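Working notes, structure below.
Each value in this text was obtained by applying a stated rule to the coordinates, not by laboratory testing. Please read these numbers as outputs of a predicted model, since none were measured by experiment. As a convention, Cβ positions derive from the backbone with ideal geometry for all residues, glycine included, and neighbour counts pool all protein chains shown.
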Amino acid sequence: MSVQKLNSRVVLQNGTLLDPLSGETFSGDILIENGKIAQIGKILFDGEIEKIDCSGKVITHGFCDLHVHFREPGREDKETLETGTLAALAGGFTRVCVMPNTNPPLDSPEAINFITKKSENLAVYIHPIGAITKNQGGDDITEMGLMKKEGAVAFSDDGLPVQDGSMMRIALEYSNLVELPIINHAEDECLRSNGLMNDGVVSSQLGLDGNLDLAESVMIHRDLELASYTNARLHIPHVSSSKSLDHIRKVKLVNHKVTAEVTPHHLYFNEEALRDFNTNLKVAPPIRTESDRLNLIKAVKDGTIDCIATDHAPHTIEDKETTFDLASFGMIGLESCFGAVSKVLIRDNGMSLLDVVRLLTVRPRAIMGFEKDLFKIGAEVELAVIDPNFEYVFKKENIKSRSVNSPYIGEKMIGKINYTISKNKIYKEVGVINK
Amino acid sequence: MRNLNKKLNMLKNKHLLGLKEYPAKDLKTIIDTAYNFKTVLDRPIKKVPSLQGVTIVNLFFENSTRTKISFELAQKRLSADTVNFSASSSSLKKGESFKDTAQNIESMKIDAVVMRHPTPGAANHLTNFIDSVVINAGDGTHEHPTQAILDMMSLHEKFGKLKGLKVAIVGDILHSRVALSNIYGLTTMGAEVMLCGPSNLIPVHLKELGVKVSYKINEALDWADAVNVLRIQRERMGKSLVPSIREYREMFGITSKKLSLHKKEIVVMHPGPMNRGVEIDGDVADGDQAIILDQVLNGVASRMSILFLLCGGKNSDGER
Ligand SMILES: [Zn+2]
């Protein structure tokens, strides 16, 4: 793998161009000049130019992930903005939003500025999400206005759900002033209790404390009611259960400002996978039943779920290689995202490549208000070149993150990223082919 | 004990982590072998050289006087070398990780680890780091396979069979590793199991394991051939899941009065330690129907059997 500066004139040749915005698919070339889209279609070149053969590959928008944890500042041993950038590029992502549960948390304009400045020269666009409450303490709202000025694109106390309903009401009401979404990690702490995995058949047999799906759905229900009442923008992260989907589906009929995401791991795994106490599958909210998984897929298809977000959550080996109760919650997910979702959604559930790409490009960009027309002449280049049918076994070598807490290691994947082009840089997958 | 040597390598699994999906054939082998070892315990010299040269570490991250003594005795009767390691004396308190502790101990050249740990899955987890044989002596609310095996041996001794036997397990099923292991073991051996206790202490999903559930003690006693009475572990209950001792005793305590309502003579078991006057009355525990002390002795015999079948044969001629 390598990240290089893009030559001043580059042509991506003979690829299949997939435009998730217009829905069109056509074969042709893309000419990139000085990091911008210069021409699209059949191109006749002259002069000095770098040619990249894309035959048999699909050229589409760079992916956008609105939910990652890059751990900077504070836990640079798990991930940094720089190593997170590599993980993103390896997954075809050109734009990510980082969650504020760092140390210290991103709860001030200064902290937001730190991320904005520090990521300026990195090869993907990194947008900070600000905390909803100061120190993520759940008591006082942050300076959302000043934080927006410094680059905050949304607000969330991710990892620490806003428990107090009146606090959530205030946050939603205030967010109308800055016109940015509120993202609340929905888990009722009292109901969740000491839950370590989904409360159900498997937890009863393993003797592990269960976390009820109701712990999620009751809070999502509350948040939906509050969002409609305040007319604010609510985005629901990592939906994991059928019960939550029922609430979202119902409210979406009348409230068109509500959006929701699902992670690849909630689409890929079910609770049976935890039978051997694999701590890499200990996530919040937990991996649930097969029926929940199938309903999440259905919700992706019918639009109840708007987009896919990885919740990329790096942890050190020490934080994961311990007993189940002490292991940290979360898994990394950027590198494995496309291979996992295309396997589940395209191969197993008959979705089209176009629809899956939309879940990773125009849909998240629409939620966050980012530019969606990436094939426009003059647009700053943000492209992914993918081989959607390539089958391989996901290995440790495919991980570019500083952490390796992935339950996908050893899993068969379908669909691979060959090139990611972003911010005038190109990432080339030159790593091992694990056929 | 010459004939025992034939039984080496007869168990399918290297470790004993739990009884879920544990082969019936192997459970039978363990119980049969335990009967042989029980005869050793009746001799004037209660020691055999079966595990001479084998080093076993008893790794106890949680207090458990009786399980520990039972294992230690079993090891001594088999002439194994043993080392005890308990959390209170360990470096764990100094922040050393579980993995480092395990690997440190193993690098001192040991053959087997008997572990008690408060976390479900801890024994499974241990097998990721070490090559030695791992025997689960209780992992949180997950499993306690050796307890279930000694319970099954005691039932087998009493009834001459396990198949078709009706066993009621009474008490706090939710927080019990004994219950889970007994459910797995007994159903594998063809016995029927009924769970009885307060409705909030019986996980609804356990029905999927093919067990009956009743919230009425009389129903359970009416049905059962044997009743396994669990200790009400107050220390496990952060939220006072049982309102009071007297209410529990009234509803689920095994008293001679409750037993007398049923014609059939029910066998009474308890894994200990008992709260007399709470889940079981003193006169019942000391009475003819109870086989509680047989369980204790069978505990040593069955642990000898397990240790022998998993660790034996190493010293003699390198067969294993
Ligand atoms: Zn979250």
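Please compute, for peptide B:114-122, the average count of beta-carbon atoms on other protein chains lying within 10 Å of each residue's beta-carbon. Let's see the in-between values first.
Working: counts 0, 0, 0, 1, 2, 10, 12, 13, 5.
Counting other chains' Cβ atoms within 10 Å and averaging over B:114-122 gives 5.
Check A:GLN39: other-chain or 5+ apart residues with amide H under 5 Å from its amide H, H built from backbone geometry?
Those qualifying (amide H under 5 Å, at least 5 residues apart or on another chain) are A:LEU31.
What shape does segment B:257-300 take by its C-alpha gyration tensor, where a ≥ b ≥ c are the square roots of the eigenvalues and a/c under 1.5 counts as rounded, a/b above b/c as prolate, and the rest as oblate?
Taking the square roots of the gyration eigenvalues as a ≥ b ≥ c, segment B:257-300 is oblate.
Within chain A, what percent of beta bridges assigned by DSSP are antiparallel, to the nearest 5?
Among the beta bridges of chain A, antiparallel pairing accounts for roughly 60 percent.
Divide, for segment B:145-296, the radius of gyration over alpha carbons by 2.2 N^0.38 Å, where N is the residue count.
Segment B:145-296 yields a ratio of 0.94.
How large is the helix-only mean residue ellipticity at 222 nm for the protein assembly as shown, computed as the sum of -39500 (n - 2.57) over DSSP H runs with n ≥ 4, divided by its residue count, in deg cm²/dmol to the nearest 500?
-9000 deg cm²/dmol
What does the net charge come to around B:LEU165 if you take all other residues with beta carbon closer than 10 Å to its beta carbon, with K and R at +1 and D and E at -1?
Combined, the nearby Lys, Arg, Asp and Glu give +2.
Using packing as a proxy for protection, rank B:285-297, A:390-402 so that the peptide with the highest average count of other Cβ atoms within 10 Å comes first.
Details: B:285-297: 16.1, A:390-402: 18.2.
Top to bottom by mean Cβ count within 10 Å: A:390-402, B:285-297.
With charges set only on the Cβ (+1 for Lys and Arg, -1 for Asp and Glu), what does the dipole of chain A come to about its Cα centre, in debye to the nearest 20?
It works out to roughly 1120 debye.
How high is the relative contact order of chain A? Use alpha-carbon pairs under 8 Å, at least six apart in sequence, and give a whole percent.
Relative contact order comes out at 20 percent.
So how compact is segment A:199-319: Cα radius of gyration and Dmax in angstrom?
That works out to 14.9, 47 Å for Rg and Dmax.
What is the gain in length, in nm to one decimal, between B:LYS14 and B:ASP131 on full extension, counting 0.36 nm per residue of separation less the C-alpha to C-alpha distance?
Taking 0.36 nm per residue and subtracting the Cα distance, the gain is 41.1 nm.
So which lysines can A:LYS428 reach, going by Cα to Cα under 20 Å and dropping same-chain residues fewer than 8 places off?
Within the straight-line cut-off, A:LYS428 pairs with A:LYS5, A:LYS36, A:LYS51, A:LYS57, A:LYS395, A:LYS396, A:LYS400, A:LYS416.
Name the long-range amide H neighbours of A:THR289: under 5 Å, sequence gap of 5 or more, or other chain; modelled H, no Pro or chain starts.
Long-range HN contacts for A:THR289: A:GLU271.
Identify the residues of segment A:49-66 with backbone N under 19 Å of a label point that sits 7 angstrom from the Cα of A:SER22 along the Cα-to-Cβ direction, or state none.
Residues passing the 19 Å test: A:58-62.
PRE reach from A:LYS36 (point 7 Å along Cα→Cβ): which of segment A:375-396 fall under 11 Å by backbone N?
Once the point is set 7 Å along Cα→Cβ of A:LYS36, A:377-381 turn out to lie under 11 Å by backbone N, inside segment A:375-396.
To the nearest Å, what is the center-to-center distance of segment A:317-358 and segment B:157-230, using C-alpha atoms only?
39 Å
Hey, if you put +1 on the Cβ of every Lys and Arg and -1 on every Asp and Glu Cβ in segment B:14-96, which of B:SER86, B:ILE31, B:LEU17 ends up farthest toward the positive end of that dipole?
Farthest towards the positive end: B:ILE31.
Which of rounded, prolate, oblate describes the protein assembly as shown, given a ≥ b ≥ c as roots of the alpha-carbon gyration tensor eigenvalues and a/c under 1.5 marking rounded, otherwise prolate only if a/b is larger than b/c?
The shape class here is prolate.
When a/c is below 1.5 the answer is rounded, else prolate if a/b is larger than b/c, else oblate, so apply that to segment A:62-368 with a ≥ b ≥ c taken from the square roots of the Cα gyration tensor eigenvalues.
rounded
Which net charge results when you count Lys and Arg as +1 and Asp and Glu as -1 among the other residues whose beta-carbon is under 10 Å from that of A:THR304?
+2
Counting other C-beta atoms within 10 Å, and keeping those with at most 12, which DSSP coil GluC sites (Glu not before Pro) do you find in segment A:1-94?
Those satisfying the criteria are A:GLU48.
For segment A:290-353, what does the relative contact order come out to in percent, with C-alpha contacts under 8 Å and a separation of six or more?
With pairs under 8 Å counted, the relative contact order is 27 percent.
Report ³J(HN,Hα) in whole Hz for each residue of segment A:274-289, in order, from the Karplus equation J = 6.51 cos²θ - 1.76 cosθ + 1.60 where θ = phi - 60°; Gly and Pro get x.
With coefficients 6.51, -1.76 and 1.60, one gets 8, 4, 9, 6, 5, 5, 5, 9, 7, 9, 10, x, x, 5, 10, 7 Hz.
Looking only at the protein assembly as shown, where both bridge partners belong to it, what percent of the DSSP beta bridges are antiparallel (to the nearest 5)?
40 percent
Let's see if you can work this out: charge +1 on each Lys and Arg Cβ, -1 on each Asp and Glu Cβ, no other charges. What is the dipole magnitude of chain B about its Cα centre, in debye to the nearest 20?
Charge dipole, chain B, about its Cα centre: 340 debye, nearest 20.
Would you tally the net charge around B:LEU59, using a Cβ to Cβ cut-off of less than 14 Å, leaving B:LEU59 out, and scoring K and R as +1, D and E as -1?
Taking every other residue near B:LEU59 into account, the sum is -4.
Show me, for segment B:24-32, the HN-Hα J-couplings you get by feeding each phi into the Karplus relation (A = 6.51, B = -1.76, C = 1.60, θ = phi - 60°), rounded to Hz, glycine and proline as x.
Computed from phi, the couplings for segment B:24-32 are 4, 4, 6, 4, 5, 4, 4, 5, 4 Hz.
Quick query: amide H of B:VAL268 versus all other amide H atoms, modeled in the peptide plane; which residues come in under 5 Å with a sequence gap of 5 or more or a different chain?
Close amide H contacts, sequence-distant or interchain: B:VAL227, B:ALA290, B:ILE291.
Relative contact order for chain B using alpha-carbon pairs under 8 Å, separation at least 6, rounded to a whole percent?
Value for chain B: 22 percent.
At a 10 angstrom cut-off on C-beta neighbours, averaged per residue, how do the peptides A:240-247, B:205-212, B:137-144, A:158-165 rank from highest to lowest?
Result, highest mean Cβ count within 10 Å first: B:137-144, A:240-247, A:158-165, B:205-212.
List, in order, the whole-Hz ³J(HN,Hα) value for each residue of segment A:232-248 obtained from phi through the Karplus relation with A = 6.51, B = -1.76, C = 1.60 and θ = phi - 60°; use x for Gly and Pro.
Karplus values, whole Hz, x for Gly and Pro: 9, 8, 10, 10, 9, x, 4, 5, 10, 10, 4, 4, 5, 4, 4, 5, 5.
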